[in-house]
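The structure under discussion appears below in the form of structure tokens.
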Amino acid sequence: MQEGMQSLTALQTGLKDLFESKIFGDQVLLKTPKGEMTTIAGYEQDLPKRLTDGEDSSAPSAEQYAPFFVLQLNGGSRENSQDPDTVDVEVIFCIYDNNDINQGHKDVLNLIEKAIRYLEQHPTLLKACYIPPDTSISWTLADEDSWPYFFGSISFSVQIPRKGVESEYI
């Protein structure tokens, strides 16, 4: 199992880097709470905790990190020794938009659309896993008012071929 966990860790890091550099890169500039324009930063599984005066702070907040995305591996399954492993992936987006017209959800929708378009055009990811043709990619926008922060996410599953088993996708 240790080898599998290392593979999942590498998969998560690789997917986070793929989203951060290839999918979004420096083409997408978003506003920070300080009013600066920056690229979106990616994190694995959760936001890091910030230290204040040498001590752990409370839970990380959107204010400290926006704009960001968090790439989570939320579970998986293995049917048998011949079938590929299935891993459930969720990417959560947060952007900051303090404009009074309250339309930050449009920036989140643009991120979602850009990510889905990339995944549909490149179903083989990192030469290590793939999104099967019959797999859906779902998305959602947060329905709670969190102005000036806006949230959304995409969810999809990837398959990782078993070692020594041929795959038509990789």
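Worth pointing out:
- Any hit, the stretch 129-152, residues being of a type in the set (S, T, N, Q), touching a residue at least 40 places away in the same chain (Cβ under 8 Å) and part of a loop (DSSP other than H, G, I, E, B): yes
- Some residue of the stretch 151-169 being open to solvent by 70 Å² or more (accessible area, probe 1.4 Å), hydrophobic (A, V, I, L, M, F, W, C) and more than 26 Å from residue 25 (Cβ to Cβ): no
- Qualifying strands (runs of 3 or more DSSP E) (wholly inside the stretch 4-122; at least 3 residues being surrounded by 12 or more Cβ atoms within 10 Å (Cβ to Cβ), β-branched (Val, Ile, Thr) and at pLDDT 90 or above): 85-96
The values are calculated or read from the model by the stated rules, or taken from the named source; none is laboratory data. Just so you know, these numbers come straight off a predicted model, no measurement behind them. Don't worry about glycine lacking a Cβ; one is built from the backbone with ideal geometry, like all the others, and counts go over all protein chains shown. Surface areas here come from the heavy atoms of the whole protein model, side chains and all, with no ligands, DNA or RNA. Shrake-Rupley method; radii C 1.70, N 1.55, O 1.52, S 1.80 Å.
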